[in-house]
Amino acid sequence: MSEKLIIFDTTLRDGEQAPGFSMNVEEKVKMALQLERLGVDVIEAGFPISSPGDFEAVRKVAEAVKNPAVAGLCRANRKDIEVGWDALQYAKRPRIHTFIATSNIHMKYKLKKEPEEVIEIARDAVKFAKNLCDDVEFSAEDATRTDLDFLCKIVEVVIDAGATTVNIPDTVGYTVPMEFEKIISTLLNKVPNIDKAIISVHCHNDLGLAVANSIAAVNAGARQVECTINGIGERAGNASLEEVVMALNVRKDVFDFVKTEINTKEIYRTSRLLTSITGVEVQPNKAIVGKNAFAHEAGIHQDGVLKERTTYEIMTPESVGIPSNKLVLGKHSGRHALMQRLKDLGYDLSREELEIIYAKFKELADKKKEVYDEDLEAIVENQMSRV
Ligand code: KIV
Ligand code: ZN
């Protein structure tokens, strides 16, 4: 029997913290409703104390969605938590998410506090939050650069204080899969009350490892992954939701011990909604949702895909809500793809005609990045009018 993997989406909080990605109230509500259709379990709607607009956005999202839990981020102090609760309280399933940094670097230079003080602040914050809300998540910021014994200690304390989810963020994208797997197994083996909480992970992408690290953590026993649509987020971004979910789906044979409730057919629509709201496109080669993710240009690949699509496609575009794959015609394309496209455009050409068109097509393809249908039509019409 596979266990449920909770998908915690933080597009509206960590995602929008990235430069150029902020969203207004209306945009956040629109995005939240689409995230609900996508089937995420938790929507982190914002950081209520950070601005009146964000407070309002969290409140409106809390009122708008029905199925997912709605979380709001609060630093580990009573004021943040009170304000957070004011925004969250009307949600069907509110969650207070409170955090404090636990690494020596952060405690010494940023917080200027001793480790024991940090433990007491975390304990007090979680207890205070628990009096307001049953569902409390605690995050140990910069957990992957935190002394592991200290991390075990603070995790035990916050679970005793009432945290039902304990999040282990790789705040600066510093860890690597083997190490992260070990951190999660150590917590699961050493923290005596760990079975009272879900272990969550939250990976940043500074070394391009956010998805790999999240998956390694799931392998070790984490049962919540925090991620964002298109992988947006601070600096190099967060783990991309679509990549985590599709890695687990496509490789069900490896990950048969977990399952998510994501409706993968809504992935592309969600990605497009985000790019239309923020005005920031994903790179063409972005896994799953990029313009080239299901496009084939090389002749050998096009020939393979035309014969049997699984030769070069490990998932179908339809499975993520993209209507079809794309055979792009360019200088690497071969006769098979050209013939297919000409057929699709309604031309029934003889072998000789095709050879002439193919030569003209190659000539043009060497001068352009992509040969479009209109270009092909022009070549064919031009050629036909000569005979
Ligand atoms: O990256 C991080 O540590 C965070 C926490 C606040 C969860 O975003
Ligand atoms: Zn983060």
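Just so you know, all these numbers are worked out from the coordinates, no wet-lab data involved. What you are looking at is a predicted structure, and each value in this text was computed from that prediction instead of being measured. Quick reminder, even Gly has a Cβ in these numbers, built from the backbone with ideal geometry, and neighbours come from all protein chains shown.
Could you give the Stokes-Einstein D for the chain in µm² per second, using the C-alpha Kirkwood radius, 20 °C, 1.002 mPa s? Estimated diffusion coefficient is 94 µm²/s.
Each Lys or Arg adds one and each Asp or Glu subtracts one; over the other residues with Cβ under 14 Å from the Cβ of Ile229, this totals -4.
Under the convention that each Lys and Arg Cβ holds +1 and each Asp and Glu Cβ holds -1, the size of the dipole of the range 90-221 around its Cα centre is about 280 debye. A full extension of the chain between Asn77 and Gln340 corresponds to an added length of 88.3 nm, given 0.36 nm per residue minus the alpha carbon distance. Qualifying chymotrypsin sites (Phe, Trp or Tyr not before Pro) in the range 242-294, where qualification requires a DSSP coil assignment and no more than 15 other C-beta atoms within 10 Å, comprise Phe257. Across the range 26-34, computed HN-Hα scalar couplings (Karplus, 6.51 cos²θ - 1.76 cosθ + 1.60, θ = phi - 60°) run 4, 5, 5, 5, 4, 5, 4, 5, 6 Hz from first to last residue, x flagging Gly and Pro. Cβ-to-Cβ counts within 10 Å put Met31, Met339, Met384 in ascending order as Met384, Met339, Met31, the fewest first.
The spacing between the range 219-270 and the range 65-120, judged by their C-alpha centroids, is 24 Å.
For Val258, the amide hydrogen comes within under 5 Å of the amide hydrogens of Glu3, counting only partners 5 or more places away or on other chains and with H modelled in the peptide plane.
For Lys369, the lysines whose Cα comes closer than 20 Å to its Cα, not counting residues fewer than 8 places off in the same chain, are Lys286, Lys291, Lys326, Lys331, Lys360. Counting 0.36 nm for each residue step from Lys252 to Asp366 and taking away their Cα separation leaves a gain of 36.9 nm.
Residues Thr144, Thr310 in ascending order of nearby Cβ atoms (within 10 Å, fewest first): Thr310, Thr144.
Estimated from the Cβ-Cβ distance and a Förster radius of 22 angstrom, the FRET efficiency linking Thr311 and Lys265 is about 0.40.
Qualifying chymotrypsin sites (Phe, Trp or Tyr not before Pro) in the range 70-139, where qualification requires a DSSP coil assignment and no more than 10 other C-beta atoms within 10 Å, are lacking entirely. Counted without the sites themselves, the longest stretch of the chain free of trypsin sites (Lys or Arg not before Pro) in a DSSP loop having at most 11 other beta carbon atoms within 10 Å is 113-251. Exposed loop sites were defined as GluC sites (Glu not before Pro) in DSSP loop states (anything but H, G, I, E or B) carrying at most 15 other C-beta atoms within 10 Å; in the chain the longest segment without such a site runs 1-260. Think of it as helices only: each DSSP H run of n ≥ 4 in the chain is worth -39500 (n - 2.57), and spread over all residues that comes to -13500 deg cm²/dmol at 222 nm. Summing +1 for each Lys or Arg and -1 for each Asp or Glu among the other residues whose beta-carbon sits under 15 angstrom from that of Arg269 gives -1. For Lys28, a cut-off of 17 angstrom between C-alpha atoms picks up these lysines, skipping any fewer than 8 places away in its own chain: Lys60, Lys66. Starting from a Cα-only point model with no solvent, please compute log10 I(q)/I(0) by Debye for the range 81-151 at q = 0.15, 0.22, 0.26 1/Å. The computed values of log10 I(q)/I(0) come out as -0.53, -0.90, -1.08. Convex hull volume of the Cα atoms of the range 318-377, normalised per residue: 96 Å³.
Between Ser51 and Ser319, the modelled label-to-label distance comes to 3.9 nm, taking each label 7 Å out from Cα in the direction of the beta carbon. Legend: calculated FRET efficiency, Asp348 to Glu281, from the Cβ-Cβ distance at R0 = 45 Å, rounded to 0.05, equals 0.75.
Relative contact order for the chain: 14 percent, from Cα pairs under 8 Å spaced at least 6 residues apart, divided by residue count. Between amide H atoms placed 1.01 Å from N, distances below 5 Å from His97 occur with Gly72, Cys74, Glu137, all of them 5 or more places distant or on a separate chain. Sequence-ordered 3J(HN,Hα) estimates for the range 97-113 from the Karplus curve with 6.51, -1.76 and 1.60 and θ = phi - 60° stand at 10, 10, 8, 8, 6, 10, 7, 4, 4, 5, 5, 6, 8, 8, 7, 6, 9 Hz, glycine and proline given as x. Of the residues Ile96, Tyr174, Cys203, the one whose Cα sits farthest towards the positive end of the charge dipole of the range 91-208 is Ile96 (charges of +1 on Lys and Arg Cβ, -1 on Asp and Glu Cβ, taken about the Cα centre).
Using only side-chain charges placed at the Cβ, +1 for Lys and Arg and -1 for Asp and Glu, the dipole size of the chain relative to its Cα centre rounds to 100 debye. With contacts taken as Cα pairs under 8 Å and at least 6 residues apart, the range 156-301 reaches a relative contact order of 18 percent.
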